[in-house]
1. In degrees, nearest 10, range 0 to 90: what is the angle between the Cα axis of helix 203-216 and the longest Cα principal axis of the chain?
2. According to the square roots a ≥ b ≥ c of the eigenvalues of the Cα gyration tensor, what is the shape class of the stretch 125-178, taking rounded for a/c under 1.5, prolate for a/b larger than b/c otherwise, and oblate for the remainder?
3. Rounded to whole Hz and in sequence order, give me ³J(HN,Hα) for the stretch 107-113 from the Karplus expression 6.51 cos²θ - 1.76 cosθ + 1.60, θ = phi - 60°, writing x for Gly and Pro.
4. Between Ser158, Leu374, Val59, whose Cα lies farthest towards the positive end of the dipole of the chain when Lys and Arg beta carbons carry +1 and Asp and Glu beta carbons carry -1, centred on the Cα centre?
5. Can you give the translational diffusion coefficient of the stretch 284-380 in µm²/s, computed by Stokes-Einstein from the Kirkwood radius over Cα pairs at 20 °C and 1.002 mPa s?
6. Just to check I understand the Karplus step: with θ = phi - 60° and J = 6.51 cos²θ - 1.76 cosθ + 1.60, what whole-Hz values come out for the stretch 253-268, glycine and proline as x?
7. To the nearest Å, what is the center-to-center distance of the stretch 322-370 and the stretch 24-53, using C-alpha atoms only?
8. Residue farthest toward the positive end of the dipole of the chain, with Cβ of Lys/Arg at +1 and Asp/Glu at -1: which of Leu276, Leu364, Leu254?
Amino acid sequence: MNRPGDERKIRRKVKEMNELKEGLTNRACTKKIIVGSVEIGGGTSVKIQSMTTTKTSDVAETVRQIEALKEAGCEIVRVAVPDETAARALRVIHDASPIPVIADIHFDYRLALMALEAGLEGLRINPGNIGERKNVEMVVDAAKARGAVIRVGVNSGSVEKRLLEQYGGPTPQAMVESALGHVRILEEHGFYDTKISIKSSSVLNTIECYRLLSQRCDYPLHLGVTEAGGGLRGAIKSSVGMGVLLSEGIGDTLRVSLTAAPEEEMTVAWELLRALGLRQRGPEIISCPTCGRTEIDLIGLAQEVERRLRTEKAPIKVAVMGCVVNGPGEAREADLGMAGGRDKGIIFRKGEVIRSVRGQEALLAAFMEELDKLLVERRDL
């Protein structure tokens, strides 16, 4: 029996969940821009970006990494262009890249012009940092002529001194004003194919920055938490910060910035979008936590299944459960699942048991056999 007030709490919880669902389906209405063949903003799906870690002057290694990123799910890639040696390598990299390439430029407008001449689809550059007005005009004219986009990117370390003094430090308000100041320079030159990013290593400041920015403009927004760290910590910070914003309908592209191989960023990014119901790529693996009732090597089984599915792209749901009693019921939505006890293991599809086996090795072998069948079915669709 419900206690007094329980019904009100339930109604309030249902209302909150409905508002969350509405936020996920009603994304902020932003201007659509096109990077190469990739549409950004304007209600299109959230796109995933990354950045190479190679020396851009090393063409072969840079192209190899871009190809690996594309295979892992990257849709737009950024490369560092610190000098003319790197800039001279851009033509070959661009022509060999399977995805659009963005040049990351700091201060030197001549490198931006070389990147555009090489055919790159966009620049990451702040127009207020490249000198006098004629420099900006040359970059803008070149970007217009080639249909390239420009991303204005501000972080907590790049805010102008006058804004730091005005706002008492790199506050969200100061960072937003800095970004919009750079955007206004582009607008004064008649350039509007712009995307904006404002990044902080503080998750809360990042959230506040993008909320403020979303209220002030309709340009597409690129999400990220800068200097998030490596591995688990970086993944958590990025997922919390961007997850909150995406759940509110804010964000058109994203990058999970990890101190790790850039391919690892793709796994976190795609799982983040999957968790929010925004996009799906490849299999979803669900598995229960171990407990005192678990009588099989559940962790080992889950790891084997993850290894088998690492390169698969079919959007299937697979379950690895530790209890034959509750497993099929708890994972009844799975396309394929397995659950094991001391002497018995079962394999099920959509909650219905299709095979029973004895022994963990036999369970894993039988499951892999059924998994191969399922993947063949999905590829034939």
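Nothing in this text is a laboratory measurement; each read-out follows from the coordinates by a stated rule. Given the structure is predicted, the values throughout are model-derived calculations rather than measurements. Virtual Cβ from ideal backbone geometry, glycine too; neighbours counted across all protein chains shown.
1. So the inclination is approximately 60 degrees.
2. Working: a/c = 4.02, a/b = 2.23, b/c = 1.80.
The shape class here is prolate.
3. 6, 9, 5, 5, 5, 5, 5
4. Leu374
5. Values: Rh = 13.0 Å.
D = 164 µm²/s.
6. Residue by residue, the stretch 253-268 yields 9, 8, 9, 8, 8, 10, 7, 6, 4, x, 4, 5, 4, 5, 4, 5 Hz.
7. 40 Å
8. Farthest towards the positive pole: Leu276.
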